[in-house]
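Comments concern the structure below.
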Amino acid sequence: MEIVKTQTELNVMNYERLLIKAIKNSNLTLLNDLIHSNFMFLHPTGQVLNKKMYVELFKRKQIFVDWLTTSDYIINKVDDVITVSVLIKSTWEFHDQKNNGSFRYLRTWKQNGESMQLISISCVQIKQ
C-alpha cells in the first residue's frame, strides 16, 4: 500500500479516482468536467487527440473498458501543475475488438483554486 504524504497528493489522487470512474462508466458529464478545453492526448500509436475527439470515443461507444487496475503512482508538483505517472493494466474493447495490456500513463493536471482539470495525457505500452 502506498502512503500519501501531502494534501496535493491527496487531492490529485481524488481526481485520478474520478477520472478512472468516468472512463470505466463512460460518464460523459464527468469526463467533460475533468478535462480541460485545451486537452491533448498522445496515444501510443502517435495519434494526438483533443478533448472533443477523446470524449467522442466514449460518447459513440467506440471504446469500452471491461477491467482496469492502477498501481505504481509517482506524483510531482511544479507551481499549479501536477504530473502523475501511473501503471495501468486493463482489458477493453475498441471498435468491437477485445484488447488487453499494460501501459504507463503520464497525466498532467492543472490546479485552479480548489479544483483541477486534466490538460494532457501521454501513454506508452509496456511489453511483457
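The values are calculated or read from the model by the stated rules, or taken from the named source; none is laboratory data. These figures come from a predicted structure and were not determined experimentally. Every residue, glycine among them, receives a Cβ derived from its backbone with ideal geometry; neighbour counts consider all protein chains shown.
Being among the basic types (Lys, Arg) and surrounded by 13 or more Cβ atoms within 10 Å (Cβ to Cβ) is a condition met by at least one residue of the range 66-77. Inspect the range 46-62 for any residue being within 28 Å of residue 127 (Cβ to Cβ), among the hydrophobic types (A, V, I, L, M, F, W, C) and touching a residue at least 40 places away in the same chain (Cβ under 8 Å) and give the result as yes or no. No; the residues of the range 46-62 include none that is within 28 Å of residue 127 (Cβ to Cβ), among the hydrophobic types (A, V, I, L, M, F, W, C) and touching a residue at least 40 places away in the same chain (Cβ under 8 Å).
Conditions (1) out of contact with any His (no Cβ under 8 Å at 6 or more places or on another chain); (2) at pLDDT 95 or above, marked per residue:
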{"residue": "47", "(1), (2)": "yes, no"}
{"residue": "53", "(1), (2)": "yes, yes"}
{"residue": "66", "(1), (2)": "yes, no"}
{"residue": "78", "(1), (2)": "yes, no"}
{"residue": "93", "(1), (2)": "yes, no"}
{"residue": "108", "(1), (2)": "yes, yes"}
{"residue": "118", "(1), (2)": "no, yes"}
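Screening the candidates 10, 57, 28 for the property of being of a type in the set (A, V, I, L, M), within 15 Å of the chain's Cα centre (by Cα) and modelled with pLDDT under 95 yields one hit, 57.
Only one entry of 122, 115 meets the criterion of being under 19 Å from residue 17 (Cα atoms), polar (S, T, N, Q) and touching a strand residue (DSSP E or B) at 6+ places or on another chain (Cβ under 7 Å), and that entry is 122.
Please find, among 50, 14, 100, the residue that is loosely packed, with under 12 Cβ neighbours inside 10 Å and in contact with a strand residue (DSSP E or B) (Cβ under 8 Å, 6 or more places away or on another chain). Quick ask: steps written out before the conclusion?
On the way: 50 fails: loosely packed, with under 12 Cβ neighbours inside 10 Å; 14 fails: in contact with a strand residue (DSSP E or B) (Cβ under 8 Å, 6 or more places away or on another chain).
Answer to the selection: 100.
Specify the residue that is surrounded by the fewest Cβ atoms within 10 Å (Cβ to Cβ); the eligible residues are those in the range 23-45 that are in contact (Cβ under 8 Å) with a residue 24 or more places away in the chain and in a strand (DSSP E or B). Top of the filtered list is 38.
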